[in-house]
1. As an exercise: evaluate THR7 against (1) assigned to a loop (DSSP other than H, G, I, E, B); (2) more than 21 Å from TYR156 (Cβ to Cβ); (3) open to solvent by 60 Å² or more (accessible area, probe 1.4 Å); (4) not small (Gly, Ala, Ser) and give the number of the one condition it does not meet.
2. Among the residues of segment 95-109 satisfying the criterion of being closer than 18 Å to ASP41 by Cα and in contact with a strand residue (DSSP E or B) (Cβ under 9 Å, 6 or more places away or on another chain), which is least open to solvent (accessible area, probe 1.4 Å)?
3. Has segment 34-45 got any residue that is surrounded by 20 or more Cβ atoms within 10 Å (Cβ to Cβ) and either hydrophobic (A, V, I, L, M, F, W, C) or modelled with pLDDT of 95 or more (or both)?
4. Name the residue that is most open to solvent (accessible area, probe 1.4 Å), counting only residues in segment 155-180 that are in a helix (DSSP H, G or I) and without any contact (Cβ under 8 Å) to a residue 60 or more places away in the chain.
5. Which residue is modelled with the lowest pLDDT, if the candidates are limited to segment 215-232 and must be over 15 Å from ALA244 (Cβ atoms) and open to solvent by less than 70 Å² (accessible area, probe 1.4 Å)?
6. Within segment 192-214, how many residues are open to solvent by 50 Å² or more (accessible area, probe 1.4 Å) and more than 18 Å from the chain's Cα centre (by Cα)?
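The values are calculated or read from the model by the stated rules, or taken from the named source; none is laboratory data. What you see is a predicted model, and the numbers here were worked out from it, not measured in a lab. Every residue, glycine as well, gets a Cβ built from its backbone with ideal geometry; the counts of neighbours run over all protein chains shown. The protein model used for the area step is the full one, side chains on, heavy atoms only, and it has no ligands, DNA or RNA in it. Shrake-Rupley method; radii C 1.70, N 1.55, O 1.52, S 1.80 Å.
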Amino acid sequence: MKITSPTVNAPCWVELSTKDPVAAKAFYHELFGWRPETVPDEKAMGYTNLYAGDAAVAGLVGLMQPDQPTAWTISFACTDADAGAAAVRAAGGSLIVEPMEALDWGRFAVAADPSGAVFGLWQGRSFAGAQLIDEPGSLGWIELATRDTAGAREFYHRVFGWSVAIGEMYTQWGIAGHDFGGMLDMSDQFPADVPPYWMPYFAVADVDVTAERAAVLGATVSLPPTDVPDGPRLSVLRDPQGAAFGIHVADPQG
């Protein structure tokens, strides 16, 4: 579906910070067909918007700190980034980047939940966020991996007011009856040195074909194409620079 206005507290943008922007642009163009457009304003520091057709679907930027990992960051829409940052702190989270202006596009902050999983807050002005979602080549789902599922449920409900649907195998996040993401318990599935994280899933027409194409382009297939009980077919990949992301079959109804 086309997004014409942001939904407050829902995911609104996804951005790749990478050590090799040139190679990343080429990889994602070949994989998803994304068209990169680098913002000409020097104050944007090489920020690149990635387009599926005419719709902005993601952003890409070089690393800003020497110890910054190559990774995707998911941002959530808010009406006031400063108030959102205060809510994060009040709920036990922390701020990695204090609220600041992003040209005339909006105001943002980068935060971490109490377990360390990083996410963004976006107060849109001239730019509200993704212009397409749940269609091939765009963001379709987000997922938190954490070792403190009870703490995460409390934190994100307190900060964003999300509904929480706890299943036997999986927990889902929602707003107004619409689930947009989920949560995995890392306890028995991940090495102890892997920190909690948020990961985007991009919708694709064919998971098997896309995963095979990603491998040819130099990506690592962390989870081969798999059918999830009561869920879509999906796969988890790492791009050639190491950024983790998932792919899943797009909902045919959009």
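1. (2) is the only condition that THR7 fails.
2. In this case the residue turns out to be GLY106.
3. Yes; the residues of segment 34-45 include at least one that is surrounded by 20 or more Cβ atoms within 10 Å (Cβ to Cβ) and either hydrophobic (A, V, I, L, M, F, W, C) or modelled with pLDDT of 95 or more (or both).
4. If we take residues in segment 155-180 being in a helix (DSSP H, G or I) and without any contact (Cβ under 8 Å) to a residue 60 or more places away in the chain, then HIS157 is most open to solvent (accessible area, probe 1.4 Å).
5. So, considering only residues that are over 15 Å from ALA244 (Cβ atoms) and open to solvent by less than 70 Å² (accessible area, probe 1.4 Å), the one modelled with the lowest pLDDT is GLY231.
6. Here the count works out to 8.
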